[in-house]
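Beneath this line is the structure, given in structure tokens, with notes to follow.
The values are calculated or read from the model by the stated rules, or taken from the named source; none is laboratory data. Note that the structure is a prediction, hence the values are computed from the model and not measured. Positions of Cβ are backbone-derived with ideal geometry, glycine not excepted, and every protein chain shown enters the neighbour counts.
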Amino acid sequence: MQGMIRLIATCAILLCRAQATSLPPPTGPYNIGMSKHVIEHYNSHDLLAPNNISTGFLATIYYPTRQKPNFEPRSYIDPELVAILEPQLNHTSGFLSVTVQYYIVTSLQLDAPYLEGPIGQSAYPTLLFGPGGGGPPVEGNTILISELVSHGYTVIGLDHPFEQPFIRYPNGTGVVGGEIYFNNTDTLRAIYDTRLEDTTAFLDHFPKLVQNLGAPFNTTHIGSFGYSLGGAAAVGSLYDDNNRLISGLNLDGSLLGQAAVNDTKANVKKPVLFLGQELHTGRDDVHDITWGTFPLWQTDYFGKFLVNGTLHHDFCDYAFWKTIEPTDPTTGSIDGNRQIAIMNVYVKAFIDFALLGKNSSMLNGPSAEWPDVVFYE
């Protein structure tokens, strides 16, 4: 009987905390629309696909809309993904499922109407986003993406099947990925190369997709950014894109390929910003020497900012999740809401600068408003 009482009390506590939980609201004037699309692309050397053959990947488009959301409590994370992430992040059994699955409120609106404007044109550029290797997928980065979209940007997140722990296609089909060992250099490089290939395939397909949708999305002014492996690929894609990508931003990703070479070949000749955990100084191999070598060869704008009190998982939505239950050992001591604010401000400042030409003093040195962000010359 006492055990039953404790169980009921625990459930009541979880329910109360969950009902009070909502994602940090975007600060811009626009609401957020969302649509999912399968990008057909035949890849006969996909390391993670059955028989090493994949035929497409998932593109989730987040775009500004004037339609107001109804703010009904609902999840922004698929239940299958929640079930996988909960034990990985050491959350109390059932806690993340209750909190994220049923009660986090988001302003995302599936297939909401676009802003008015000519097809294929917008005053605001388009951004390609790459998620972390092996998770979380694009939806696990909703907070930062929503912030950018609320200020007018269109953000397109690319998820590759079988790499992410779980993704859901527009027809409702779910794809479960296997366990990936990213300490295997050959495996990591193969997945990285697939990311670059997906980016090129998407850029090739994007103008046609926009025409088919009749959408006012900018098809000529495009930047790339991403988290972890997605951040590395965002930079790597700058080298071989026929100049379709204008800038790159890396959220705590270790560089690979040409970007990791310590000579002039590493020069992307485009604006790049690194925002990472406090250990990502680039001063030794233990904490990733590429963050030290890459800046040496850049001839366009380059900025490197490290955030005190952060670890790797503080650069996706996990930073916010830890404010609900701080059990993820790969997040640091920084307050999750503070970290979300830092990412929103610095990422937007760089994108506004690189793609719209808006200068910001915070990109050129320390900021009195953000003393926990360390600037590296």
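Need the failing condition index for residue 177 against (1) under 15 Å from the mean Cα position of the chain (by Cα); (2) within 16 Å of residue 229 (Cβ to Cβ), just the number.
That leaves (1) as the condition not met.
Would you call residue 327 touching a Leu at 6+ places or on another chain (Cβ under 7 Å), among the hydroxyl-bearing types (Ser, Thr, Tyr) and more than 19 Å from residue 143 (Cα to Cα)?
Considered against the rule, which asks whether it is touching a Leu at 6+ places or on another chain (Cβ under 7 Å), among the hydroxyl-bearing types (Ser, Thr, Tyr) and more than 19 Å from residue 143 (Cα to Cα), residue 327 comes out as yes.
State whether one or more residues within the stretch 247-255 are modelled with pLDDT of 95 or more and either among the basic types (Lys, Arg) or surrounded by fewer than 20 Cβ atoms within 10 Å (Cβ to Cβ) (or both). Let's see the steps before the verdict.
Keep residues of the stretch 247-255 that are modelled with pLDDT of 95 or more, which gives 247-255.
Within this subset, residues satisfying the condition of being either among the basic types (Lys, Arg) or surrounded by fewer than 20 Cβ atoms within 10 Å (Cβ to Cβ) (or both) are none.
No, that holds for no residue.
Across the stretch 159-173, which residue is farthest from residue 41 (Cα to Cα) among those that are of a type outside the set (Ser, Thr, Tyr) and more than 20 Å from the chain's Cα centre (by Cα)? Give the derivation first.
Filtering the stretch 159-173 down to residues of a type outside the set (Ser, Thr, Tyr) leaves 159-168, 170-172.
Among the residues that remain, those that are also more than 20 Å from the chain's Cα centre (by Cα) are: 171-172.
Numbers: 171: 18, 172: 20 Å.
Taking the candidates together, the pick is 172.
Quick check on my filter: what residues within the stretch 285-327 are farther than 30 Å from residue 106 by Cβ and in contact with a Gly (Cβ under 8 Å, 6 or more places away or on another chain)?
If the condition is that a residue be farther than 30 Å from residue 106 by Cβ and in contact with a Gly (Cβ under 8 Å, 6 or more places away or on another chain), then 288, 289, 290, 291, 292, 293, 294, 295, 304 are the ones that fit.
Quick check on my filter: what residues within the stretch 167-177 are farther than 12 Å from residue 133 by Cα, touching a residue at least 24 places away in the same chain (Cβ under 8 Å) and not hydroxyl-bearing (Ser, Thr, Tyr)?
167, 168, 170, 174, 176
Out of all the residues in the stretch 136-159, which are part of a loop (DSSP other than H, G, I, E, B) and touching a Lys or Arg at 6+ places or on another chain (Cβ under 7 Å)?
151
Working only within the stretch 145-200, note down all residues that are within 28 Å of residue 340 (Cα to Cα) and of a type in the set (Lys, Arg).
Once the filter is applied, which keeps residues that are within 28 Å of residue 340 (Cα to Cα) and of a type in the set (Lys, Arg), the stretch 145-200 yields 168, 195.
What residue, among those in the stretch 57-113 that are more than 19 Å from the chain's Cα centre (by Cα) and hydroxyl-bearing (Ser, Thr, Tyr), is modelled with the highest pLDDT?
Residue satisfying both the conditions and the ranking: 65.
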